[in-house]
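Okay, so here's the structure we're looking at.
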Amino acid sequence: MRKSFSLQLIDEAREAFIEGDYKTAEPLLNQPTLLNSKNPEVFQMLATIYYDQGKFNKAISTFKKALEIDPGYTDAAVGLSIILNDIGRYDEAKKIFNDAKALLDSKKQVTPDQTQNLNEKFASKHAELADLYFQHKHYTEAIEQYSKAFHISSKKSDFAVRLAETYVQAGQKDKAVRELKTLLQTEPKLITPRLKLGLILYNFHHIAEAVDQWENVLRYEPQNSEALRYLKMAQAAGVTILTT
C-alpha cells in the first residue's frame, strides 16, 4: 500500500533529522501538510532544530506545541527542559519533566522496557540539573538531583562518582565514602567508583585504605593505568604496596 504524501514527507524529514541533516529536515517539516497534521513528532524535531540554531524562544514555543498535542510526549518534555535549564529557568524546567513523568506513571499499560527508558531519560535530566547546581556551588541541590538520578538509573557507576564528588565539595567526606562503599558491596567489580573511593580516602590521609581499594581494582583489571599510577603515588608517600 502506497504511503500518503504526509507520511512520505515525515519519513524523509525523520531520516534527515536522525542523520543530523537539519538543512534538509527543516523545510520538509515546515510543509503545511505536516504543520497541520497534529503530529507531535513534527514539532519536537522542529524545536530541536531551532535549539541547535540558537533560536531558544522559537524552540520553546515549538516544544510547547508538541506537548499541547500530546502532554505525555517525553522527547518534547525532555527537550524543553534542556532549553529551560540552559537559560536559567530551573524551576520551570524541573516542573516540565516532573509533570511528564507523573503523567506517564499514571498510565496503566507501560512495559518494563518503556519504564526503564523513561527512567534513563529522567535520570539524565536530574543529572543535568545537578551539573548546573554543582557548577554554581549549590551543593545541597546538586546532591538532591544526583541522588534522584542514581536511584532511578540502571547506570549507577557514573552517578555514584559524581554524587560522591559533590559530597566531598560540600564538606561531607564520610557520606561520600559511605555512598561508594554501599554501591561496591552490591557491585564489587565496578572500577570507576572504586578508583574514586581510593582517591577520596587518599586525599583525606587514609592512605592504607586507599591502597587497598586500588589493589582491588588490579585484581579485576591487572593493567588498569589509573590504579597503577595511584599506587605509585602512595608508594612515594611511604606506604608499602602489597602485591597479590
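The values are calculated or read from the model by the stated rules, or taken from the named source; none is laboratory data. Every value quoted in this text rests on a predicted model; they were computed, and no experiment measured them. A quick note on method: Cβ atoms are made from the backbone with ideal geometry, for glycine too, and the neighbour counts reach across all protein chains shown.
For the stretch 16-28, what are the residues that are over 18 Å from Gly54 (Cα atoms) and among the hydrophobic types (A, V, I, L, M, F, W, C)?
Within the stretch 16-28, Ala16, Ile18, Leu28 meet the criteria.
How do the pairs read when you match residues in the stretch 173-192 that are under 17 Å from Glu144 (Cα atoms) with residues anywhere that are modelled with pLDDT under 95, using Cβ under 6 Å and keeping only pairs 6 or more apart or on different chains?
Lys173/Phe204
Could you pull out every one of the helices (runs of 4 or more DSSP H) wholly within the stretch 4-112 that has 3 or more residues that are farther than 29 Å from Ala149 by Cα, touching a residue at least 12 places away in the same chain (Cβ under 8 Å) and over 24 Å from the mean Cα position of the chain (by Cα)?
5-18, 22-29
Count, please, the residues in the stretch 124-145 that happen to be on the phi > 0 side of the Ramachandran plot and buried (at least 16 other Cβ atoms within 10 Å of the Cβ).
0
For the stretch 150-193, name all the residues that are of a type in the set (Val, Ile, Thr) and farther than 22 Å from Leu218 by Cα.
Listed by number, the residues that qualify are Ile152, Thr166, Val168.
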